[in-house]
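Engineer: I have a structure here, written as structure tokens, and I will follow up with some questions on it.
The values are calculated or read from the model by the stated rules, or taken from the named source; none is laboratory data. Nothing here was measured: the structure is a model prediction, and the numbers come from that model. Cβ atoms come from the backbone with ideal geometry, glycine included; neighbour counts cover every protein chain shown. Remember, those area values only see protein heavy atoms, side chains included, never the ligands or the DNA or RNA. Shrake-Rupley method; radii C 1.70, N 1.55, O 1.52, S 1.80 Å.
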Amino acid sequence: MSSLDQLKKHTVVVADTGDIDAIAKHKPHDATTNPSLLYKAAQMPQYQSLLDEAIAYGQSKSNSEEGLIDAIIDKLSVTFGCRILELIPGRVSTEVDARLSFDTEGTVRKAHELIELYKEAGISKDRILIKIASTWEGIRAAEQLEKEGIHCNLTLLFGFGQAIACAEAGV
């Protein structure tokens, strides 16, 4: 029995990667991604079709450069998330743009957009965690989203004060 199999007996294994092949090989319960991991994975030839799909989607949604990039990144994140969900029994975390870390309303809006993209792909919000920076504003956004039934995963948590604020917010 491998060390990974032994570990799976005692805890839930969560993959922190955008590499779909690695997820298929190691079979974690849940997975989390972030833009830098997806950027790395999107450069791999086996994922070119996912990148092409995201670019086509972005071009159909926006005429501005910033809007185009945002639409491509969101679609790429959700497309990778959907592929990952085909391989795992649990949930996938999809990260909100870090530029929104100090914008409660922007974070909530982006979370809704991501959930809607998953819904369009036939994925229930129950299989998604919205990954949000654990800034004060991010914690407030997560608190609101949790009340709406959208589950969150807070990241960049570096101190006990942040942990207390998350617990008090129910996230």
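Engineer: Using helices alone, what [θ] at 222 nm do you get for the chain, with -39,500 (n - 2.57) per DSSP H run of 4 or more residues, divided over all residues and rounded to the nearest 500?
Structural biologist: My calculation for the chain gives -17000 deg cm²/dmol from helical runs alone.
Engineer: Which net charge results when you count Lys and Arg as +1 and Asp and Glu as -1 among the other residues whose beta-carbon is under 15 Å from that of Ser3?
Structural biologist: +3
Engineer: List the residues, sorted by chain then number, that are 5 or more residues from Asn153 or on another chain and whose placed amide H is less than 5 Å from its amide H.
Structural biologist: Close amide H contacts, sequence-distant or interchain: Ile130, Lys131, Ile132.
Engineer: While we're here: How far apart, in nanometres, would the label points at Val12 and Gln59 be if each is projected 7 angstrom from Cα along the Cα-to-Cβ direction?
Structural biologist: Spacing of the two 7 Å Cα→Cβ label points: 4.0 nm.
Engineer: For Tyr39, Tyr118, give the ranking by accessible area with the largest first, probe 1.4 Å.
Structural biologist: In descending accessible area the options line up as Tyr39, Tyr118.
Engineer: Taking the Cα centroid of segment 3-25 and of segment 65-88, what is the distance between the two, rounded to the nearest whole Å?
Structural biologist: Result: 21 Å between the Cα centres.
Engineer: Would you work out if segment 12-169 is rounded, prolate or oblate? Take a ≥ b ≥ c from the square roots of the eigenvalues of the alpha-carbon gyration tensor; rounded if a/c is under 1.5, else prolate when a/b is larger than b/c, oblate otherwise.
Structural biologist: Oblate.
Engineer: If you count only protein heavy atoms with a 1.4 Å probe, what accessible area per residue comes out for the chain, rounded to a whole Å²?
Structural biologist: On a per-residue basis, the chain sits at 54 Å².
Engineer: Of the cross-linked pairs Lys8/Lys61; Lys9/Lys75; Lys25/Lys147; Lys25/Lys119; Lys25/Lys61, which ones have a Cα-Cα span greater than 31 Å in the structure shown?
Structural biologist: Lys8/Lys61; Lys9/Lys75; Lys25/Lys147; Lys25/Lys61
Engineer: Further, regarding this structure: Who wins for biggest fluctuation among Gly18, Gly138, Gly58 in a Gaussian network model of the chain, springs between alpha carbons below 10 Å?
Structural biologist: Top of the fluctuation ranking is Gly58.
Engineer: I'd like to compare 67-73, 159-165: which one has the highest average count of other Cβ atoms within 10 Å, and what's the full order after that?
Structural biologist: 67-73, 159-165
Engineer: Quick one: divide the alpha-carbon radius of gyration of segment 44-95 by 2.2 N^0.38 Å and tell me what you get.
Structural biologist: It is 1.21.
Engineer: Could I ask something else about it? Would you work out the charge dipole size for the chain about its Cα centre, treating the Cβ of every Lys and Arg as +1 and the Cβ of every Asp and Glu as -1, and quote it to the nearest 20 debye?
Structural biologist: 540 debye
Engineer: Which trypsin sites (Lys or Arg not before Pro) in segment 1-84 pass both tests, a DSSP loop state and at most 12 other beta-carbon atoms within 10 Å?
Structural biologist: Here the sparse-neighbourhood loop sites are Lys9.
Engineer: Does segment 97-171 classify as rounded, prolate or oblate by the C-alpha gyration tensor (a ≥ b ≥ c root eigenvalues; a/c under 1.5 gives rounded; else a/b over b/c gives prolate, otherwise oblate)?
Structural biologist: Verdict is prolate for segment 97-171.
Engineer: Across bins of 10 angstrom width beginning at 0, how are the C-alpha pair distances of segment 94-135 distributed, in whole percent?
Structural biologist: The percentages, shortest bin first, are 32, 51, 17, 0.
Engineer: Provide the net charge surrounding Thr32, with neighbours chosen by a C-beta distance below 15 Å and charges set as Lys +1, Arg +1, Asp -1, Glu -1.
Structural biologist: Net charge in that neighbourhood comes out at +1.
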